[in-house]
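Q: Before I ask anything, let me first share the structure, which is written out below as structure tokens.
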Amino acid sequence: MNMDEYIRLSGIHKDYRVPGGDNVHALCNIDLSIDSGEKIVITGDSGSGKTTLMNILGGVFRPTKGDYFFEGRNILSESNKGLAQFRNSVIGFVFQDYKLLPDYTVYENIELPLIISKKPYSKTDINSVMERLGIMNLSKRRAETLSGGQAQKVAIARALVNNPEVILADEPTGALNSSDSEEIISILFDDVGKDKTVIVSTHNEKIAQRANRRIIIKDGTIVEDIS
């Protein structure tokens, strides 16, 4: 193990037991190293294991076996509470379906990670990320009233408000039109994500072309790693 590595997955397997007792092998022997600041896309057919891999990278799922080193520390040795703290402090999540609370305002949705982290914060922390994404005018709007492009900007703002080191975006343009998709791609790779490690799972070929590294996964295994 190289202690200078930023992210390292070693021998990662993830199995699921389905009704009837059979095991589904979602991931098989994944070895992956990621440097700080890389812009990576993970591509593959539906059911290939992309989302499972993203969830393991985000500390949402524990693998069936294998190791996950972050800056030399095996985070899988952490308790569930420690893993939750890792997710909240290091990872910013962006989802295809936004996962906003519909009855909450834009401001309240962005504020949630700060409340969960229990770290001191001010309105300035929230306003600054809204200004950066050009959504200050939406601050008092309820999330259920937003367009798809607006909702995804709010989701990105929520992912950024804790100043995470890594942004994980799972099909971030899957529910958007082409114009909104282009804007979200630019935000993730060229604007707010330019000084962060960004990992995007996608079927969108335009996103794949913008990244500096492409990982292709098939049947739970990495079949190509193209820089």
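Any read-out appearing in this document is the output of simple, stated calculations on the displayed coordinates, not a laboratory observation. Treat the numbers as computed from the prediction; the structure is a model and nothing was measured. Positions of Cβ are generated from backbone atoms using ideal geometry, with glycine treated the same way; all protein chains shown enter the neighbour counts.
Q: Test of understanding: in a Gaussian network model of the chain with alpha carbons linked when under 10 Å, which of S79, S89, S48 would top the mean-square fluctuation ranking?
A: Comparing S79, S89, S48 in a Gaussian network model of the chain, the most mobile one is S79.
Q: Same structure, new question: Looking at the chain, identify the longest residue range that excludes and avoids all trypsin sites (Lys or Arg not before Pro) in DSSP loops having at most 10 other Cβ atoms within 10 Å. Walk me through the numbers on the way to the answer.
A: Details: sites that count: K118, K140.
Here the longest segment lacking exposed loop sites spans 1-117.
Q: Quote the charge dipole size of the chain about the Cα centre in Debye, to the nearest 20; the model charges only the Cβ of Lys and Arg (+1) and of Asp and Glu (-1).
A: Values: 27 positive and 31 negative charges, 122 e Å.
Around 580 debye, computed over the chain.
Q: Sequence neighbours fewer than 8 away in the same chain don't count; with that in mind, list the lysines whose C-alpha is under 24 Å from K81.
A: K14, K65, K99, K118, K119
Q: Where in the range 191-224 is the amide nitrogen less than 13 Å from a point lying 7 Å along the Cα-to-Cβ axis of S46?
A: It comes to 203, nothing else.
Q: Taking 0.36 nm per intervening residue step and subtracting the Cα-Cα distance, what contour gain separates S186 from N212 on full extension? Show your work: numbers first, answer last.
A: Working: separation 26, 0.36 × 26 = 9.36 nm, distance 1.38 nm.
Between S186 and N212, full extension yields an extra 8.0 nm.
Q: Treating the beta-carbon of each Lys and Arg as +1 and of each Asp and Glu as -1, no other charges, what is the dipole magnitude of the range 1-87 about its Cα centre, to the nearest 20 debye? List each step's numbers first, then the result.
A: Working: 10 positive and 11 negative charges, 74 e Å.
Approximately 360 debye in magnitude.
Q: Same structure again: Multiplying the sequence separation of K140 and D35 by 0.36 nm and subtracting their Cα-Cα distance, what value in nm do you get? Mind showing how you got there, number by number?
A: Working: separation 105, 0.36 × 105 = 37.80 nm, distance 3.82 nm.
Contour length minus Cα-Cα distance gives 34.0 nm.
Q: List the pair-distance distribution P(r) of the chain, using every Cα-Cα distance, as the percent of pairs falling in each 5 Å bin from 0 up to the bin containing the longest distance, rounded to whole percents.
A: Pair shares across the bins are 1, 7, 14, 18, 19, 16, 12, 8, 3, 1, 0.
Q: Could you tell me which of rounded, prolate or oblate describes the range 175-227, using a ≥ b ≥ c as the square roots of the eigenvalues of the alpha-carbon gyration tensor, with rounded for a/c under 1.5 and, failing that, prolate when a/b is larger than b/c and oblate otherwise? Kindly include the intermediate steps, with their values, before the conclusion.
A: Numbers: a/c = 2.49, a/b = 1.48, b/c = 1.68.
Oblate, because a/c is 1.5 or more while a/b does not exceed b/c.
Q: Would you please give the FRET efficiency between S10 and S178, computed as 1/(1 + (r/R0)^6) with r the Cβ-Cβ distance and R0 = 35 Å, to the nearest 0.05?
A: Values: r = 39 Å, r/R0 = 1.10.
Once rounded, the FRET efficiency stands at 0.35.
Q: What's the local net charge at G47, with K and R +1, D and E -1, over the other residues with C-beta under 12 Å away?
A: Working: positive: K50, K218; negative: D45, D219.
Here the count lands on 0.
Q: Per DSSP H run of at least 4 residues, take -39500 (n - 2.57); add these up for the chain, divide by its residues and hand me the 222 nm value, nearest 500 deg cm²/dmol.
A: Details: 7 runs with 69 residues, N = 227.
Estimated from H runs of four or more residues: -9000 deg cm²/dmol.
Q: Also, I was wondering about something else. For the range 94-227, what is the charge dipole size about the Cα centre, in debye to the nearest 20, if Lys and Arg each add +1 at the Cβ and Asp and Glu each add -1 at the Cβ? Write out the running numbers ahead of the final one.
A: On the way: 17 positive and 20 negative charges, 77 e Å.
With Lys and Arg at +1 and Asp and Glu at -1, about 360 debye.
Q: Where in the range 156-175 does the label zone of E78 land, with the point 7 angstrom along Cα→C-beta and an amide N cut-off under 18 Å?
A: 159-169
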